[in-house]
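Report on the structure given below.
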Amino acid sequence: MYKVVDKTFFSENVVKIDVEAPRIAKARRAGHFVMVKIGEKGERFPLTIAGADRDKGIITLVVQTVGVSSRKLAALEVGDSITDLVGPLGQATHIENKGTILACGGGVGVAPLLPIVEAYKKAGNRVITVIAARNKDLIILEEQMKAFSDELIIMTDDGSYGQKGLVTEGMEAAIAKEDISEAMIIGPAVMMKFASLTTQKHNIPTLASLNTIMVDGTGMCGACRITVGGKTKFVCVDGPEFDAHQVDFDEMLLRLNGYKEIEKAAESNYLKENNKNCQA
Amino acid sequence: MEERDSYLKEERAQQWREDLRKKIKNKERTQQVRVKMNEVDANERIKSYVEVNAGLNVEQAQAEASRCIDCANPTCISGCPVEINIPKFIKRIEQGEFLEAAKTLKETSTLPAVCGRVCPQEKQCEAKCFYTQKLKQDPVAIGYLERFAADYERESGQISVPEVKEKNNIKVACIGSGPAGLTFAGEMAKRGYDVTVFEALHEIGGVLKYGIPEFRLPNNIVDVEINALKKMGVEFETNFIVGKTATIEDLKEEGFQAFFAGSGAGLPRFMGIPGENYIGILSSNEYLTRINLMHAAEQDTDTPVVSGKNVMVIGGGNTAMDSVRTAKRLGADRAMIVYRRSMDEMPARVEEIHHAQEEGIEFMTLTNPIEYLANDKGRVNRVVVQKMELGEPDASGRRRPMPIEGSEETIEVETVVVSVGVSPNPIVPDSLPDLKTTKWGTIAVNEENLQSSIPEMFAGGDIVRGGATVILAMGDGRNAAQSMDQYLKNE
Ligand SMILES: Cc1cc2nc3c(=O)[nH]c(=O)nc-3n(C[C@H](O)[C@H](O)[C@H](O)COP(=O)(O)OP(=O)(O)OC[C@H]3O[C@@H](n4cnc5c(N)ncnc54)[C@H](O)[C@@H]3O)c2cc1C
Ligand SMILES: Cc1cc2nc3c(=O)[nH]c(=O)nc-3n(C[C@H](O)[C@H](O)[C@H](O)COP(=O)(O)OP(=O)(O)OC[C@H]3O[C@@H](n4cnc5c(N)ncnc54)[C@H](O)[C@@H]3O)c2cc1C
Ligand code: SF4
Ligand code: SF4
Ligand code: FES
């Protein structure tokens, strides 16, 4: 069992959870993720390790509630335990001093972007970060990002905070001003598709961290597979980061919807059940 | 070898066996017909995950046991990778000493209830039985009898836990909890070692849990065997990936002196044909994992599974049979096997093919998929298949399937399960640059003692053999334990 030792809400839908997992805290590097399972009947789902304290043996997860499993995690209180937690998984980000990095996070992609931004900064890069969301309430980790970024650009679709516009507009503004050595993009598949097209236009080498559906997270099932440069890759073992310009984002978008209807139904059931319990 | 032979002779010479041999004439013994396994009716069993084989009752088991003539040279044993003393346990059944029969099994096998169910007996012990070899008759049903004795013991509640030598305080690690790892762990615990089994998943048992379905091997049967290991002092750490959660170096620092890699062949292969990444096309590992490990078919679990009315499974092995029969149980009207060779070459256990046929599975042999087509949401809805014919034998000795031009046909499906084989799990080899591997990615070992290029690391099961069988994995676990014990004593 992996005990929750701290919990902070960043917004209504985004929560940061610190969990006791000494081995993982020691072994993990930026870009790694864990598979989480809550309860005997829970599903296994992936979350990036947003940070770790080796001495205390604690890892930090930042989760946005989108369906049943993320809600179950967000509902855990300090002192509760995560039933199963395994990692660190995936290939770590290859961090070195490359010059100027353009780090772009959309929606929940901001959470997994944080440890990467931190690592790039610590390796001596100049880091320009663009974070984007639909509106002000959905902007997360602003302070934390600011701490490791030389410049932070905030974009909202409705203009309720930062500048009005999509993540790509923030990226264009940064690219116009600076000589970018490399870009890193993390977010919903649609956002990554267009962010990738933007950097391709400017010939900027770009990595995308892909958030496909996963079951085991150890290369055993192939649920996470996608096409990169015409070849099938398993995101959990070959990734999660890939050359964005080689990724077939259209295929990935389709695959992400594989279980959408079942999951929507499960979520509304879960919400119904839990409201019932609250009233009782 | 000689030691073993003289041991078998001594055992055979015991009075009770002499008496039994005299009780019935061999001629009478060989005139009996082989017992039929009791089965749940096909129409009934496809409605649930109930175990298909119901086991033998006491009368059936004793009658079958009396067929065995207790050969002076029991060739059957040479067909068993863990060298179970087959005539001895069978004679114990004939005698009515069922718990003694179970004890005999456990002298050399860690998982008798499992092997009695899933061993391809027709290719192993039963193929070497005197009946098959010399009389050209149906062999003694060694597998059924093994299952009978193991089940009897379990149901009696008087499970014998093998004797454990005094602790020697030497720590050894086992990577993976499939049949290879479990057997290794049991054998080392018997010798007094402190054994910890590290398992990547949240459940112990490897393929026995996530792959082979309930209707063939109920999970509780595997759990009973695991509990016996716990009673012997074996420690289990789940959610622990050796090479990721901690490296071999880390474990050495924690005092582990030797390692056994039984990490299996967990990586699914795909065919690389157009459209293979459409939604609704899954590896058999994913399909079976969702159902067996994550219990996706149960109402109150969170893991979803999609399975349609028309399900096509590509392949002809045990995994393909398990997938297609699972599809039937999930409500498929048309559950199809598409296999590129003929019925005769199918690698699955004969019993499983037979059961699948009873359950109304369609077999499209000499057929191969060449392309998948999808609707506008990217969900597979048709498969283009092509007919094949068998040409000259290939390297494996089987006749090579060749496509017949112009024989294409399109079949409607909602789900496709790809079950064309697995590759070795690369996590352990990747984390150890000094570890020698073969061109297939398996760990290279000395065939005699299963030692790898790293002296304190032994390996066995599917990570060495590629996709093989439960009993071969167990044989390796046993052999590796013996070698590791030798190695540590010589250190
Ligand atoms: C390597 C990796 C790292 C990740 N890191 C984080 C993280 O640090 N924080 C975090 O909040 N999430 C992260 N995710 C995504 C997270 O795993 C999913 O949001 C989670 O599994 C959803 O489970 P659920 O049951 O709550 O929702 P579900 O019921 O599974 O889904 C609800 C809705 O969300 C959509 N959805 C599901 N999964 C994804 C996805 N992966 N991307 C986009 N939409 C999706 C579905 O289509 C559905 O409409 C990561 C994913 C991967 C692959
Ligand atoms: C669906 C299916 C049906 C089958 N049916 C039969 C049958 O009827 N009869 C038969 O004889 N054989 C059958 N087989 C084959 C048989 O199951 C395998 O040959 C056997 O399980 C191999 O055993 P193993 O111990 O080598 O590996 P596995 O059973 O694969 O176990 C390996 C374990 O190691 C774990 N692991 C991997 N890497 C690590 C790591 N780095 N750290 C920690 N843990 C790790 C894995 O999670 C897994 O649990 C079947 C296989 C499948 C998939
Ligand atoms: S373990 Fe398998 S091969 Fe050995 S006797 Fe039993 S059924 Fe036969
Ligand atoms: S070979 Fe057949 S008949 Fe002879 S001892 Fe073995 S099981 Fe019995
Ligand atoms: S999640 Fe199963 S292979 Fe990647």
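The values are calculated or read from the model by the stated rules, or taken from the named source; none is laboratory data. Remember, it's a predicted structure, so these values are computed and weren't measured experimentally. Glycine gets a Cβ as well: all are built from the backbone with ideal geometry, and neighbour counts include every protein chain shown. SASA here: full protein model, heavy atoms, side chains in, ligands and nucleic acids out. Shrake-Rupley method; radii C 1.70, N 1.55, O 1.52, S 1.80 Å.
Candidates are the residues of the stretch A:199-217 that are open to solvent by 10 Å² or more (accessible area, probe 1.4 Å) and in a helix (DSSP H, G or I); the one that is farthest from the other protein chains (Cβ to nearest Cβ) is A:K201. For the stretch A:218-243, how many residues are within 19 Å of B:G280 (Cα to Cα) and part of a loop (DSSP other than H, G, I, E, B)? The qualifying residues number 6. Scanning the stretch B:145-163 for residues that are in contact (Cβ under 8 Å) with a residue 60 or more places away in the chain and open to solvent by less than 40 Å² (accessible area, probe 1.4 Å) yields B:L145, B:E146, B:R147, B:F148, B:A149, B:D151, B:S160, B:P162.
It is to be established whether one or more residues within the stretch A:267-278 are surrounded by fewer than 21 Cβ atoms within 10 Å (Cβ to Cβ), within 14 Å of ligand 5 (Cβ to nearest atom) and more than 8 Å from chain B (Cβ to nearest Cβ). No, there is no match, as no residue in the stretch A:267-278 is surrounded by fewer than 21 Cβ atoms within 10 Å (Cβ to Cβ), within 14 Å of ligand 5 (Cβ to nearest atom) and more than 8 Å from chain B (Cβ to nearest Cβ).
Conditions (1) under 26 Å from the mean Cα position of the chain (by Cα); (2) assigned by TED's automatic domain parsing to the domain that holds B:I212; (3) more than 16 Å from ligand 3 (Cβ to nearest atom), marked per residue:
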site	(1), (2), (3)
B:R398	yes, no, yes
B:V428	yes, yes, yes
B:P455	no, yes, yes
B:A468	yes, yes, no
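Here B:G280 fulfils each of the conditions (1) surrounded by fewer than 24 Cβ atoms within 10 Å (Cβ to Cβ); (2) within 16 Å of ligand 5 (Cβ to nearest atom) apart from (2). Pairs meeting the criteria (first residue in the stretch A:224-237 and at the interface with chain B (Cβ under 9 Å from one of its Cβ atoms) and of a type in the set (S, T, N, Q), second residue away from ligand 3 (no atom under 16 Å from the Cβ) and open to solvent by less than 20 Å² (accessible area, probe 1.4 Å), beta carbons under 7 Å, at least 6 apart or on different chains) are A:T227/B:N277; A:T232/A:R225; A:T232/B:N277. Taking the stretch B:1-89 as the region of interest, the helices (runs of 4 or more DSSP H) fully inside it that hold 3 or more residues being open to solvent by less than 30 Å² (accessible area, probe 1.4 Å) are B:58-67.
Can you spot a residue in the stretch A:249-263 that is more than 21 Å from the chain's Cα centre (by Cα), more than 30 Å from B:K244 (Cα to Cα), within 14 Å of chain B (Cβ to nearest Cβ) and assigned to a helix (DSSP H, G or I)? Yes: the stretch A:249-263 contains one or more residues that are more than 21 Å from the chain's Cα centre (by Cα), more than 30 Å from B:K244 (Cα to Cα), within 14 Å of chain B (Cβ to nearest Cβ) and assigned to a helix (DSSP H, G or I).
Listed by position, the strands (runs of 3 or more DSSP E) contained in the stretch B:376-491 that have at least 3 residues being away from ligand 5 (no atom under 16 Å from the Cβ) and away from every other protein chain (no Cβ under 14 Å) are B:380-393, B:399-403, B:409-412, B:457-459. The set of residues from the stretch B:202-216 being more than 13 Å from chain A (Cβ to nearest Cβ) and touching a residue at least 60 places away in the same chain (Cβ under 8 Å) comprises B:L208, B:I212, B:P213, B:E214, B:F215, B:R216.
For every residue, the table says whether it meets (1) at pLDDT below 90; (2) farther than 24 Å from A:A223 by Cβ.
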| site | (1), (2) |
| --- | --- |
| B:L366 | no, yes |
| B:E371 | no, no |
| B:V383 | no, no |
| B:E389 | no, yes |
| B:P393 | yes, yes |
| B:G397 | yes, yes |
| B:E409 | no, yes |
| B:P426 | yes, no |
| B:P429 | yes, no |
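Within the stretch A:67-99, the set of residues being away from ligand 1 (no atom under 11 Å from the Cβ), among the aliphatic types (A, V, I, L, M) and closer than 21 Å to A:V237 by Cα comprises A:L85, A:V86, A:A92, A:I95. Of everything in the stretch B:184-197, what is in a helix (DSSP H, G or I) and open to solvent by 10 Å² or more (accessible area, probe 1.4 Å)? Give them in sequence order. Answer for the stretch B:184-197, where residues must be in a helix (DSSP H, G or I) and open to solvent by 10 Å² or more (accessible area, probe 1.4 Å): B:E187, B:K190. Would you confirm, using the coordinates I've provided, whether B:R290 is within 21 Å of A:G217 (Cβ to Cβ) and at the interface with another protein chain (Cβ under 7 Å from one of its Cβ atoms)? Taking the combined requirement at face value, the residue satisfies it. Inspect all residues belonging to the stretch A:139-159 and state whether any of them is part of a helix (DSSP H, G or I) and touching a His at 6+ places or on another chain (Cβ under 7 Å). Checking the stretch A:139-159: not a single residue is part of a helix (DSSP H, G or I) and touching a His at 6+ places or on another chain (Cβ under 7 Å). Within the stretch B:114-142, residues that are under 19 Å from B:N53 (Cα atoms) reach partners that are within 11 Å of ligand 2 (Cβ to nearest atom) and among the charged types (D, E, K, R) with beta carbons closer than 7 Å, at six or more positions or on different chains, in the pairs B:R117/B:R216; B:V118/B:R216; B:P120/B:R349.
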